Amino acid sequence: MTPEPVRRDGGTAPSVLVVGAGPTGLMLAGEFALAGVPCRILERRKEESNLTRAFGVHARTLEVLDMRGMADELLPEGLPVPEVRPHLGKVQLRLDLNHPESRFPYVLIVPQARTEKVLEARARALGVEIVRGTEVVGLRQDDSGVEVAVGGPDGTRTERAHYVVGCDGAHSAVRRLLGIGFVGASYDTHIMLADVRLSEELPTAVNAYVDRDGVVLLPVFGGGWYRAVIWDRRREDVPLEEPLGINEVRDSLRRIAGADLGLQQMSWSTRFLSERRQAERYRVGRVFLAGDAAHIHSPLGALGMNTGIQDAMNLGWKLAAEINGWAPPWLLDSYQAERHPVGAQALRVTDLLQRITVAPAAVRAVRPILARLLLEFKPTRRALRRRISGLSIAYPPRGKRAHPWTGQRVPDASLGESRLYELMRGGRFVLLDFTDDGEVARSAENFSDRVNVVRVPTSATPDWPAALLVRPDGYAAWADDGSAPDELLSAGRTALRDWCGSASAYAATERRHTL
């Protein structure tokens with residue numbers, strides 16, 4: 001059993017220190033607390049966030065939040081938007097975001113601060129402590145834990161924990177202190193962000209205007225308010241520190257969108273330098289990176305916050321399993337193996353969108369024709385829709401002859417009186433047994449502390465496998481179409497040992513650490 005780290009003042013340290021109270025850090029801390037692993041969040045900002053930089057919550061992230069009971073809390077805070085409407089000069093196109101395979105057939109347009117509010121309420125309700133006005137200035141780890149030097153208003157103190165996760169953004173102190181390379185480059189453009197009120201009513205869509213002078217995105221917030229994301233070729237070299245005024249936004253709208261669209265008011269604005277970078281590694285020993293500390297990219301596609309929240313969902317249950325004593329030896333390494341390629345793919349997709357929208361003159365001339373051809377081709381349109389929404393994300397299966405479902409997203413389904421995602425709110429594995437004799441359910445008899453077993457009539461989901469082990473983050477760990485009863489029982493037991501460790505590995509009362 002790992003020795004209990006203690007602070008130098010003699011107090012008991014948390015099992016995990018999460019650095020950063022943005023969406024990724026809040027989601028991750030909630031996952032630890034749900035699994036009975038105490039954690040503390042260290043946040044550099046003294047006040048709660050009022051940031052509105054991220055604005056879109058895609059279908060897969062809403063599914064993840066639904067698995068933990070937060071989606072229905074967030075939905076009233078935003079506006080469901082079912083499509084993207086690009087205007088390329090005089091050509092208007094449409095990308096449908098109506099996802100028939102999801103309970104959330106849209107992107108939810110909601111200010112980041114409201115998303116953080118829901119995530120923070122859940123974390124605090126589960127007992128997470130958030131310490132604001134503290135900055136990580138030093139980090140050292142050994143075989144038993146991590147020592148962090150924390151600067152605050154009263155000077156520098158030392159905290160020690162079993163593990164540390166850096167969720168502290170693009171300029172991550174944790175990443176810098178680990179010496180991890182942040183590979184990539186900056187775009188040669190400064191982007192303007194503003195929340196604006198327009199008198200002209202635009203469609204309930206992510207409205208996009210692409211012109212030779214640049215790009216304007218105007219997703220609708222409701223009540224006449226829109227988020228303006230502007231790349232203006234004539235304003236790309238304006239210093240980042242120069243305040244962004246309403247007249248500058250109005251001028252860009254007139255030239256790029258063809259009209260100022262009745263710009264009346266602006267409540268928030270900033271400039272930023274868009275970059276595409278990814279951490280070379282997401283883990284060094286007992287320290288991990290997630291969210292913007294691990295990957296940053298163009299805002300086109302609204303993938304940043306979504307990728308970070310899903311990083312947290314992937315890492316949370318795995319690290320909790322390690323601390324609670326039942327993780328198989330390979331499990332923690334799978335965070336890097338699964339999420340680093342997803343981050344790299346997000347960079348590729350957003351970089352492609354960025355390059356298309358800010359293309360040189362020769363490409364701009366044929367851009368409307370190419371875009372129309374792509375969006376009118378159904379397989380391409382479906383692939384783009386699923387990739388941006390996160391519904392196509394899958395992980396490499398374990399084993400050479402894995403079932404086709406293995407590693408894939410498991411869709412929500414009605415299972416008698418409950419939905420699958422409702423059954424996942426405790427953060428455990430769910431073993432679905434569709435067999436007539438319940439043979440698969442028997443295989444989980446000694447794993448009741450980690451696995452919820454649900455027997456389901458075959459008629460409820462006729463196209464599903466006979467047995468399905470769903471990971472706590474909603475992906476298929478193991479599936480079987482229905483072997484002979486003895487073979488199915490043996491295969492189920494093997495899968496549970498592979499994913500959940502030995503039946504005797506977990507001692508709940510001995511593994512709980514208190515603050």
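The values are calculated or read from the model by the stated rules, or taken from the named source; none is laboratory data. These numbers come from a predicted model, not from an experiment. Virtual Cβ from ideal backbone geometry, glycine too; neighbours counted across all protein chains shown. Ligands, DNA and RNA are excluded from the accessible area calculation, which covers all protein heavy atoms including side chains. Shrake-Rupley method; radii C 1.70, N 1.55, O 1.52, S 1.80 Å.
The table that follows gives values for the structure above.
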quantity	calculated
Residue that is surrounded by 15 or more Cβ atoms within 10 Å (Cβ to Cβ) and over 23 Å from residue 36 (Cα atoms), where the choices are 442, 428	442
Unique match (being in contact with a helix residue (DSSP H, G or I) (Cβ under 6 Å, 6 or more places away or on another chain), of a type in the set (Gly, Ala, Ser) and surrounded by fewer than 23 Cβ atoms within 10 Å (Cβ to Cβ)) among 327, 290	327
First in segment 377-399 and within 16 Å of residue 83 (Cβ to Cβ) and among the aliphatic types (A, V, I, L, M), second anywhere and at pLDDT below 85 and open to solvent by less than 70 Å² (accessible area, probe 1.4 Å), Cβ under 6 Å, 6 or more apart	388/301
Sole residue being open to solvent by 20 Å² or more (accessible area, probe 1.4 Å), of a type in the set (Gly, Ala, Ser) and more than 25 Å from residue 44 (Cα to Cα), chosen from 228, 185	185
Residues being closer than 14 Å to residue 469 by Cβ and either free of Cβ contacts under 8 Å to residues at least 40 places away in the same chain or assigned to a helix (DSSP H, G or I) (or both) - total across segment 443-454	3
Subset of segment 291-311 (residues that are over 15 Å from residue 171 (Cβ atoms) and among the hydrophobic types (A, V, I, L, M, F, W, C))	300, 302, 303, 305, 309
Residue within segment 377-388 that is open to solvent by 60 Å² or more (accessible area, probe 1.4 Å) and in a strand (DSSP E or B) present	no
Failed item, numbered, when residue 53 is tested on (1) more than 26 Å from residue 163 (Cβ to Cβ); (2) modelled with pLDDT under 95; (3) crowded, with 20+ Cβ neighbours inside 10 Å; (4) within 16 Å of the chain's Cα centre (by Cα)	(3)
Number of positions in segment 165-183 that are part of a strand (DSSP E or B) and touching a Lys or Arg at 6+ places or on another chain (Cβ under 7 Å)	3
Members of segment 188-221 found to be touching a strand residue (DSSP E or B) at 6+ places or on another chain (Cβ under 7 Å), open to solvent by 30 Å² or more (accessible area, probe 1.4 Å) and in a strand (DSSP E or B), listed by number	190, 197, 221
Residue 164 surrounded by 20 or more Cβ atoms within 10 Å (Cβ to Cβ), in contact (Cβ under 8 Å) with a residue 24 or more places away in the chain and within 30 Å of residue 378 (Cβ to Cβ)	no
Matching residues in segment 127-155 - criterion: being exposed (fewer than 14 other Cβ atoms within 10 Å of the Cβ), at pLDDT below 90 and in a strand (DSSP E or B)	155
So residue 234, is it in a helix (DSSP H, G or I), without any contact (Cβ under 8 Å) to a residue 24 or more places away in the chain and of a type outside the set (Val, Ile, Thr)	no
Residue match in segment 294-305 (condition: in a helix (DSSP H, G or I), modelled with pLDDT of 95 or more and not charged (D, E, K, R))	no
The one condition in (1) touching a helix residue (DSSP H, G or I) at 6+ places or on another chain (Cβ under 7 Å); (2) not in a loop (DSSP other than H, G, I, E, B) that residue 159 fails to fulfil	(1)
Extreme residue, farthest from residue 439 (Cα to Cα), among residues of segment 481-515 that are at pLDDT below 80 and basic (Lys, Arg)	512
Filter result for the condition that a residue is buried (at least 23 other Cβ atoms within 10 Å of the Cβ) and among the acidic types (Asp, Glu), over 260, 311, 251	311
Positions within segment 455-487 being outside any loop (DSSP other than H, G, I, E, B), surrounded by 15 or more Cβ atoms within 10 Å (Cβ to Cβ) and either in contact with a Gly (Cβ under 7 Å, 6 or more places away or on another chain) or polar (S, T, N, Q) (or both), in sequence order	455, 467, 475, 476
Of all residues making up segment 89-121, the number that are in a loop (DSSP other than H, G, I, E, B) and not hydroxyl-bearing (Ser, Thr, Tyr)	14
Residue check for residue 124: outside any loop (DSSP other than H, G, I, E, B) and without any contact (Cβ under 8 Å) to a residue 24 or more places away in the chain	yes
Whichever residue in segment 66-88 is assigned to a loop (DSSP other than H, G, I, E, B) and modelled with pLDDT of 95 or more and, among such residues, is nearest to residue 117 (Cα to Cα)	70
